[in-house]
Amino acid sequence: MTYDDVFRGAVEQLHSEKRYRVFADLERRAGDFPHATWHAPEGARDVVVWCSNDYLGMGQHPKVLAALTETAMKVGAGAGGTRNIAGNNHPLVLLEQELADLHGKEAGLVFTSGYVSNEASISTIARLLPNCVILSDALNHASMIAGVRGSGCERRIWQHNDLEDLERLLIEAGDRHKLIAFESVYSMDGDISPISAICDLADKYGAMTYLDEVHAVGLYGPRGAGIAERDGVMDRLTVIEGTLAKGFGVIGGYVTASKPIIDAIRCYAPGFIFTTAIPPAIAAAARASVAHLKTSQVERDRHHRQTAETKFALASIGLPVMPSETHIVPVLVGCPEKAKQATDMLLTQHGIYIQPINYPTVPRGTERLRISPSPFHDDALIRELTQALDAVWRALDLPRRYEALAAE
Ligand code: PMP
């Protein structure tokens, strides 16, 4: 057996489970979100993207594009090094101040992605806390799990959003240092964690809190700081983490916290120290996006309205829309093969791009289409989506009505 055979075999396994992913060759068009060009094998075609995490279309916003291009023309393309060597640059410093202000914290620190910010920060915080036990929600993102594992500390998993289970583990941890790691919006089901009640438990048992607001920043709260801002509890959280890649539409991740915590991560986290800083133009674009969404409610209001419209339209034709408290609209298929067939048909027959969500991202048997409306998905596009899904559901004889299915 050659090395190649080993890797071919591993991928073969995914084919046999109908989980092999194919990326569509898409080209976004500035100013035309959510329309894109699909470079199909038989030629270029127009499609509508219904699964983007550029939730508000900020990646196309004129202020963001202006900041990006103007800064690039002024200072060049790359950062020129790690933050510790030559990569620290003024737009990045300003961005960190903007983010600290957004979350009402003393300091902020930017990483190359949200994934890296979680991995680097959680592992470093827990490693620096002597005799630390990490209490991690069962549905935490892979990047948080990587941070938990990387810390080498003991980890205890609490059942998803289950306060009793969390309290049980806090009691068991006794007088050890404790770090509670969780998210505000869980991105596959669209549910929200009880942040305030978790902070109550953290206070009662003397634990630190680390909140991932990746799917909420830009989208919730009067200044777009996320669910903790919406709930008025930002000051009760020790660390708030976010991304610049989703609601803010650019790239990069960050943490905000007290000065001593941010300084320690800056000094000790390999994922921060040993990698090139994000380009200044990217930092300027992200800052323009954050600053805009601190004052503008237009995008958030329209996003919430179009999400409600989409949920209503899909549910009204009996599609199994899973219960979601947020902007994420998951539609249950329950089989990886059918999910793939459904998305292939949507793309090739209806010009609608949605990727299927399979195991291990979601549990087997709950494969789904994860639909993410934006302010730019107008009523006509919602009608087209509804008709297309109706046709696909008929053609593949897919199940309808989530409540009935969930009860089975
Ligand atoms: N946290 C959560 C909950 C996520 O879903 C993701 C990515 N989907 C990340 C962190 C990583 O963020 P980024 O895409 O900026 O790396």
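Remarks
- Here residue 187 meets each of (1) within 15 Å of the chain's Cα centre (by Cα); (2) at pLDDT 95 or above with one exception, condition (2).
- Test: residue in the range 121-134 that is over 30 Å from residue 34 (Cα atoms), within 13 Å of the ligand (Cβ to nearest atom) and either surrounded by fewer than 16 Cβ atoms within 10 Å (Cβ to Cβ) or assigned by the TED database to the domain that holds residue 241 (or both): yes
- Sole exception among (1) surrounded by fewer than 24 Cβ atoms within 10 Å (Cβ to Cβ); (2) under 25 Å from residue 177 (Cβ atoms); (3) among the charged types (D, E, K, R) for residue 231, by number: (2)
- Hits in the range 190-200 (condition: without any contact (Cβ under 8 Å) to a residue 40 or more places away in the chain and either surrounded by 21 or more Cβ atoms within 10 Å (Cβ to Cβ) or in a loop (DSSP other than H, G, I, E, B) (or both)): 194, 198, 199
- Close contacts from the range 156-185, counting a first residue that is at positive phi and a second that is within 16 Å of the ligand (Cβ to nearest atom), with Cβ to Cβ under 6 Å and a gap of 6+ residues or different chains, come to 161/193.
- So residue 155, is it touching a helix residue (DSSP H, G or I) at 6+ places or on another chain (Cβ under 8 Å), more than 16 Å from the ligand (Cβ to nearest atom) and in a strand (DSSP E or B): yes
- So residue 190, is it assigned by the TED database to the domain that holds residue 104, over 22 Å from residue 159 (Cβ atoms) and of a type outside the set (Ser, Thr, Tyr): no
- 3 or more residues surrounded by 16 or more Cβ atoms within 10 Å (Cβ to Cβ) and not assigned by the TED database to the domain that holds residue 187: qualifying strands (runs of 3 or more DSSP E) within the range 12-66: 43-49
- With respect to (1) under 24 Å from the mean Cα position of the chain (by Cα); (2) closer than 16 Å to residue 284 by Cβ, the lone exception for residue 107 is condition (2).
- For residue 220, the conditions (1) in contact with a strand residue (DSSP E or B) (Cβ under 6 Å, 6 or more places away or on another chain); (2) buried (at least 19 other Cβ atoms within 10 Å of the Cβ); (3) outside any helix (DSSP H, G or I) are fulfilled apart from (1).
- Residue count for the range 212-240, restricted to those that are of a type in the set (A, V, I, L, M) and in contact with a Ser or Thr (Cβ under 6 Å, 6 or more places away or on another chain): 6.
- Test: residue in the range 200-212 that is within 12 Å of residue 99 (Cβ to Cβ), in the same structural domain as residue 88 (by the TED database) and at pLDDT 95 or above: no
- Flag not set for residue 300, criterion: surrounded by fewer than 17 Cβ atoms within 10 Å (Cβ to Cβ) and either closer than 15 Å to residue 56 by Cα or in the same structural domain as residue 248 (by the TED database) (or both).
- Among residues of the range 237-264, those that are within 16 Å of the ligand (Cβ to nearest atom) and either buried (at least 24 other Cβ atoms within 10 Å of the Cβ) or under 22 Å from residue 178 (Cβ atoms) (or both), counted: 17
- Of all residues in the range 39-61, those that are more than 19 Å from residue 328 (Cα to Cα) have Cβ atoms under 7 Å from Cβ atoms of residues that are among the polar types (S, T, N, Q) and crowded, with 18+ Cβ neighbours inside 10 Å, 6 or more apart or on another chain, in 61/289.
- Any chance residue 370 is free of Cβ contacts under 8 Å to residues at least 60 places away in the same chain and among the charged types (D, E, K, R): no
- Residue match in the range 75-92 (condition: surrounded by fewer than 23 Cβ atoms within 10 Å (Cβ to Cβ), among the β-branched types (Val, Ile, Thr), farther than 21 Å from residue 269 by Cα and more than 16 Å from the ligand (Cβ to nearest atom)): yes
The values are calculated or read from the model by the stated rules, or taken from the named source; none is laboratory data. Since the model is a prediction, treat every value here as computed from it, not as a measurement. Ideal geometry is used to build each Cβ from the backbone, glycine not excepted, and the neighbour counts take in all protein chains shown.
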